[in-house]
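Right, one structure below, let's go through it.
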Ligand SMILES: Cc1cc2nc3c(=O)[nH]c(=O)nc-3n(C[C@H](O)[C@H](O)[C@H](O)COP(=O)(O)O)c2cc1C
């Protein structure tokens with residue numbers, strides 16, 4: 001019996017663990033290695049049609065901390081543990097024409113694993129809507145099982161792309177209408193987490209036909225400046241810009257965002273992302289309502305696995321399976337969402353006395 005098998009957005013996953021759209025899924029070689037290692041699915045590094053050129057320096061750093069001197073830094077020190085990744089990498093610079101034969105080969109080699117193509121185009125014109133359609137059709141024609149719409153990349157210059165358009169409900173509907181009318185596979189939508197309008201945006205996406213919301217992309221953030229050298233820990237010619245924080249440091253914020261959506265739309269599917277390093281983090285996303293789990297930073301950090309988390313996926317699968325066996329669960333659906341009703345308004349939590357009315361005077 002495979003307790004880890006899950007049906008998510010109508011797709012059969014061998015296990016709920018998926019490599020997120022990022023360097024671990026940037027090439028055919030890495031994706032094949034990931035499937036060989038046991039990942040249930042991958043979301044490809046985002047594929048687009050516009051010109052892409054990355055900064056002339058490191059695109060990602062891994063920040064660590066320790067309790068000896070608990071500062072966060074990318075600098076190598078003894079006895080440190082992972083804190084976060086910080087990146088300012090753009091979407092894939094491999095053109096669509098080169099991706100297509102790769103995607104076809106991957107799907108033919110691993111027909112039972114789920115291949116989700118992440119795509120991104122612009123907004124505000126029929127031409128851009130056609131770009132979304134073109135990307136979606138091309139990827140589905142070569143065998144992709146689902147499409148993830150990237151409306152969340154936090155470092156796009158173009159004002160009509162990525163996180164810049166996320167959460168504009170009209171744009172979300174337009175893009176979903178364009179894509180759902182051109183392909184018939186499930187459409188996942190990756191929204192920008194760091195905003196007060198996320199719940200409404202998710203509602204617009206579900207309403208316009210999104211099969212699932214993927215949350216979270218990285219959170220906008222700056223790298224740290226070293227007091228001795230007066231340099232940022234990552235910079236080009238002394239300059240830096242807002243980049244994305246991922247890894248353990250975003251776990252709690254990501255859970256809050258997943259919970260917000262899960263409470264507002266309990267029937268809506270959610271693919272949980274942000275800070276998953278092992279079973280306990282994955283478990284927490286599931287109890288807040290996620291039916292699928294994506295991982296990036298922890299896979300990139302694993303040494304000796306080519307950045308696809310070979311040991312990590314074994315650990316995730318073994319630890320989740322052991323837990324389910326011990327608790328007698330046949331499927332993650334048996335405990336998915338159990339935390340939902342336990343997240344309440346502050347005033348609904350019991351006080352030591354009854355003389356509290358949520359900060360308002362008690363009516364006499
Ligand atoms: C170097 C790097 C590149 C990324 N590129 C993409 C991308 O092209 N498309 C996308 O949707 N998300 C991208 N992400 C975001 C990840 O898919 C993921 O949402 C985020 O890192 C949070 O997960 P984690 O805490 O497991 O790293 C990238 C993340 C990193 C670290």
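Observations, loosely collected:
- Projected label points at residue 331 and residue 229, each 7 Å from Cα along the beta carbon direction, are separated by 5.2 nanometres.
- The chain, relative contact order [Cα under 8 Å, separation at least 6], %: 18 percent
- Rounded to 0.05, the FRET efficiency of the residue 98 and residue 137 pair, given R0 = 22 Å and the Cβ-Cβ distance, is 0.80.
- Centroid-to-centroid separation of region 345-364 and region 84-137 [C-alpha atoms, Å]: 51 Å
- Compactness of the chain, expressed as Rg and Dmax over alpha-carbon positions, Å: 20.8, 73
- With Cα atoms as the point set, region 131-256 shows a radius of gyration and Dmax of 17.0, 56 Å.
- Cα centroid separation - region 235-249 against region 151-171, whole Å: 18 Å
- Here the label points at residue 345 and residue 200, each 7 Å from Cα along the C-beta direction, are separated by 1.9 nm in the simple model.
- For region 277-343 versus region 1-63, the gap between their alpha-carbon centres in whole angstrom: 15 Å
- Footprinting exposure proxy for 133, 336, 350 (fewest neighbouring C-beta atoms within 10 Å first): 350, 133, 336
- Dividing the helix sum by the residues of the chain, where each DSSP H run of 4 or more adds -39500 (n - 2.57), gives a mean residue ellipticity at 222 nm of -9000 deg cm²/dmol.
- Fraction of C-alpha pairs exceeding 23 angstrom in region 211-318: 40 percent, rounded to a whole number.
- Note on 252, 155: ascending count of other Cβ atoms within 10 Å places them as 252, 155, the fewest first.
Bear in mind that the values in this text are calculations on the coordinates, not laboratory data. The structure displayed is predicted, hence computed values, not measured ones. As a convention, Cβ positions derive from the backbone with ideal geometry for all residues, glycine included, and neighbour counts pool all protein chains shown.
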